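Q: Below you will find the structure I want to go over with you.
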Amino acid sequence: MPFKIETEDRKFGKIATVTMEGIAPNNTLNREMLMEFFSLMKDTAGKADGIIVTSANEKFFSNGLDGATLLGLGREERKTTVEEMIRIYGKLFSIDKPWIAEIAGHAMAGGAVIATAADNRFMLAGSGRIGFSEMMVGMPLPAAYVMGFKNLVQPKYVRDILYGAAYKPEEALEIGLIDEIAPDAESLRKMSLKKLDFLLRLNRKAFLMTRSLYRNAIIADIARVEDADAEAGGSAAMSDEFTAILENIAKRN
């Protein structure tokens, strides 16, 4: 199974931990896993009061869509897969309970997409890098992603992220892309639980309404550009250039 769920009853509510066990070696996902992840998150939000998303891979939170899988697809199916990756961003913002991305390892491309849709991002010191590397594989960076991460980072760094900058934990913290750094795995989990415990202590109705109003504004921005993003991304995914880049990546792996 690509995902494992564990639950814990805390003083102020139930917390679920969703562990990603994707495709080796980079903890990547195919289209089916991507859709399963969103469905699982939505279902889990209906049963738990808060969610932690983590990885079973010590070196990778996730590097998004699996390049080898994409290379093996027909162009039409590849186009659909890339479009789904673009459209899942707004869906992840719609998860109606607070959730935390617990990043121990690299979170590039789709991994950064998942992480920046969370309420908070906590990262393990020295564990990897986080960033949107879509252009490095010949994909235009969707404006929908910018609608999300521009609310996190200092404005002057938005352009650098657009162009594929990858950040070490200390660098990501400095610009606001992550919220805190933990020195070890045990501290990372304590950090996640402490944050959710704090959020769940708040007046539940007022907190969830405030959170919904804030995130719905971001979702509206995402929806405004999503169709154009999907069209551009899908077109790029069918190109010879994209195929050649995937072939080069496959050779390096």
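Read-outs throughout are calculated quantities, based only on the coordinates presented, and are distinct from any laboratory measurement. Remember, it's a predicted structure, so these values are computed and weren't measured experimentally. Glycine also receives a Cβ, built like all others from the backbone with ideal geometry; neighbour counts cover every protein chain displayed.
Q: What list of ³J(HN,Hα) couplings, whole Hz, do you get for the stretch 235-241 from phi and the Karplus terms 6.51, -1.76, 1.60, once you set θ to phi - 60° and write x for glycine and proline?
A: 5, 5, 5, 8, 7, 5, 4
Q: Run the numbers for Phe207 and Ala68: contour at 0.36 nm per residue of separation, minus the present Cα-Cα distance, in nm.
A: Full extension from Phe207 to Ala68 adds 45.8 nm.
Q: Out of these labelled values of Cα extents along the principal axes in Å, (1) 47, 41, 32; (2) 74, 65, 26; (3) 54, 37, 36, which was calculated from the coordinates shown here?
A: From the options (1) 47, 41, 32; (2) 74, 65, 26; (3) 54, 37, 36, the structure gives (3).
Q: Sort 162-169, 87-94 by the packing proxy (mean of other Cβ within 10 Å over each peptide's residues), most packed first.
A: Listed from highest to lowest mean packing, they are 87-94, 162-169.
Q: Another question about this same structure. What are the residues whose amide H is under 5 Å from the amide H of Phe61, where those residues sit 5 or more places off or on another chain and H is modelled from the backbone?
A: Ala104, Gly105, His106, Ala107
Q: Between the alpha-carbon centers of the stretch 163-205 and the stretch 98-134, tell me the distance in whole angstrom.
A: 10
Q: Considering only the other residues whose Cβ falls under 9 Å of the Cβ of Lys195, what net charge follows from Lys and Arg at +1 and Asp and Glu at -1?
A: -3
Q: Run the helix sum for the chain: -39,500 (n - 2.57) per DSSP H stretch of 4+ residues, divided by residue count, reported at 222 nm to the nearest 500 deg cm²/dmol.
A: About -16000 deg cm²/dmol.
Q: Let's see if you can work this out: charge +1 on each Lys and Arg Cβ, -1 on each Asp and Glu Cβ, no other charges. What is the dipole magnitude of the chain about its Cα centre, in debye to the nearest 20?
A: Charge dipole of the chain: 820 debye, to the nearest 20.
Q: What does the net charge come to around Glu21 if you take all other residues with beta carbon closer than 15 Å to its beta carbon, with K and R at +1 and D and E at -1? Walk me through the intermediate numbers first.
A: Numbers: positive: Lys4, Lys59; negative: Glu6, Glu32, Glu36, Glu58, Asp66, Glu102.
Residues near Glu21 contribute -4 overall.
Q: List the relative contact order of the stretch 1-98 as a percent without decimals, with contacts defined as Cα pairs under 8 Å and 6+ residues apart.
A: Answer for the stretch 1-98 is 30 percent.
Q: Right, something else. For the chain, what does the relative contact order come out to in percent, with C-alpha contacts under 8 Å and a separation of six or more?
A: The value is 21 percent.
Q: Taking Rh as the Kirkwood radius, which is the inverse of the mean 1/r over Cα pairs, what is the Rg/Rh value for the stretch 197-253?
A: Over the Cα atoms of the stretch 197-253, Rg/Rh equals 1.34.
Q: How would you rank 102-110, 125-133, 170-178, highest first, on the average number of other Cβ atoms within 10 Å across their residues?
A: 102-110, 125-133, 170-178
Q: How do 48-60, 71-83 rank on mean C-beta neighbours within 10 Å, highest first? It would help to have the intermediate numbers written out before the result.
A: Values: 48-60: 21.2, 71-83: 16.9.
Ranked by mean Cβ neighbours within 10 Å, highest first: 48-60, 71-83.
Q: Below 15 angstrom from the Cβ of Asn30, what's the summed charge of the other residues (Lys, Arg +1; Asp, Glu -1)?
A: Charge balance near Asn30 sits at -4.
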